[in-house]
Amino acid sequence: AGERDVVLWATPGTVRSGIYQAGLNQAFNSAVTEQQQPSVSALITSVKEGNIAAASASVCSLVAQLTQSPTSCEATPTVIVACTDINPALLAAGATKAGPCLLKLETVLLVDSAACLAAAVVSRVQM
């Protein structure tokens, strides 16, 4: 595995499916942060209920957890955002575009898996 940690923010069903973990576990230190899953699930529920303010607060709390590393030399993990319901909360929390398929919030890089998939599909169709 590589040296970078990767965290997966997804629905419990997506996490259980293992669709992301196989590839991520081969390339990176980690693919799922189990202690964050209840907060990620609550965040998704808040968005579905239209409570973007609560969802945004959840994002800020999750990001704070990721940026508080035990040693100062540890890099902040990259987050794979594997649920489109999370995106409105990211934007409400102040995430900014950092490149194709990428957002950044504080020091955390967030990979928008839906945007990456759409770009890959369009690229494939254009071949």
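Taken about its Cα centre, the chain carries a charge dipole of roughly 300 debye when the Cβ of each Lys and Arg holds +1 and the Cβ of each Asp and Glu holds -1. Taking only the Cα atoms of the chain, the ratio Rg/Rh comes out at 0.96, with Rh defined as the Kirkwood radius. Residues whose amide H comes within less than 5 Å of that of Phe28, counting only those at least five positions distant or on another chain, are Gly2 (H built at 1.01 Å from N in the peptide plane).
With contacts taken as Cα pairs under 8 Å and at least 6 residues apart, the chain reaches a relative contact order of 24 percent.
What do the square roots of 5 times the Cα gyration tensor eigenvalues come to for the stretch 1-62, in whole Å, largest first, as semi-axes of the equivalent ellipsoid?
Ellipsoid half-lengths, sorted descending, are 25, 13, 7 Å.
Coordinate-derived values only; no laboratory data. Remember, it's a predicted structure, so these values are computed and weren't measured experimentally. Don't worry about glycine lacking a Cβ; one is built from the backbone with ideal geometry, like all the others, and counts go over all protein chains shown.
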